[in-house]
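The values are calculated or read from the model by the stated rules, or taken from the named source; none is laboratory data. All values reported here derive from a predicted model rather than from experimental measurement. Here the Cβ is made from the backbone with ideal geometry for all residues, glycine too, and neighbour counts use every protein chain on show.
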Amino acid sequence: MSSEADAPTESELIDQEIAALKEHAAALRKSLKIETSTIFAAPSTQAFLKPSKGFLSSRNTPSRAKLLSESDKQKAFVQQCRYRTCSSITAFKVHDPDPNAVDGGHVLGLRFEIMSKSQFLPPYYVMLNRPYFNSKHIRIHRHTLPPAIPLSGLAARHLPAPRPESDSPPQQNLDRFVRTLRREIVRYHNRLGVSADLRRNLGLHDRMDNTVLPDDIVEVGIADIEAKQIRFSWADDRSGRVVMDNDGKVVKLMMFGREGRDWETTKELYGKYERIEDVARTLQEYVNG
């Protein structure tokens, strides 16, 4: 009786089949888009679509005009990707329309490009201005960086403010500030990637079975604002934390029970973990007994 009650109904089977078909159709559309862009970017395709004097009149059709338009869009997109890949940091000038803005509204903008899993993420921006009287020293005006980036500390170290009582004002190093800031942004995203890798290695991304055992890990996520700690939880309310350094390398693995630190499990899982894959493998072995 229980097996018959647990068996999916016909409507549930149809819903599952429809969901699978929608997922397959989305994957096909994505694959078609990638293959189309690859064909347009090929040199042979560019040469074929290039206007020719001998066949210009015979090839001047609406379909060919559409192909030329799509080809131009693809070339512009490829050029943009090459620029964003090779020029990860871009400086540009901005004018602040506020009539009360300092330094006549002149602002120096910095754009930081970040790539993750072969895709460009939304760029980060840092705006600098010169608010100090009769001085070329700059300071942070606005930014779009996450709170985990130690922007204030980097600015105090590499872009110190002038001191009126000092005869020799501190030197600012914009180049070193930009390089260090870029490195901190990359480190932050590397640590975020470690959390995603742990979820993937533990099978939480594509888990379809709703049956959960007490020893199953059911949740993995970032535990602190700097993304240096990853928290994972078992179905029986036990939890653990992976502590990482600035570059995303595993430093420590800790376990917690309902009454606090679980020293027995921590001692059982103690080891030297070079990568997050080592942590995932150890946790899987522990779960599987």
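What residue, among those in segment 55-97 that are among the hydroxyl-bearing types (Ser, Thr, Tyr) and loosely packed, with under 13 Cβ neighbours inside 10 Å, is modelled with the highest pLDDT? Among those residues, the one meeting the criterion is 87.
Counting only strands (runs of 3 or more DSSP E) wholly contained in segment 118-234, the ones carrying 3 or more residues that are aliphatic (A, V, I, L, M) and modelled with pLDDT of 90 or more occupy 124-129. Exactly one residue among 181, 198, 128 is in the same structural domain as residue 228 (by TED's automatic domain parsing) and buried (at least 17 other Cβ atoms within 10 Å of the Cβ), and that residue is 198. The set of residues in segment 221-257 being surrounded by fewer than 17 Cβ atoms within 10 Å (Cβ to Cβ) and of a type in the set (S, T, N, Q) consists of 233, 246. If the condition is being touching a residue at least 24 places away in the same chain (Cβ under 8 Å) and assigned to a loop (DSSP other than H, G, I, E, B), then segment 61-100 contributes 87, 88, 96. Those residues that are modelled with pLDDT under 85, more than 33 Å from the chain's Cα centre (by Cα) and either surrounded by 10 or more Cβ atoms within 10 Å (Cβ to Cβ) or basic (Lys, Arg) (or both), I need them from segment 1-44; list them, please. Scanning segment 1-44 gives 8, 12. Close contacts from segment 276-289, counting a first residue that is more than 13 Å from residue 234 (Cα to Cα) and in the same structural domain as residue 198 (by TED's automatic domain parsing) and a second that is among the acidic types (Asp, Glu) and at pLDDT 70 or above, with Cβ to Cβ under 7 Å and a gap of 6+ residues or different chains, come to 276/197.
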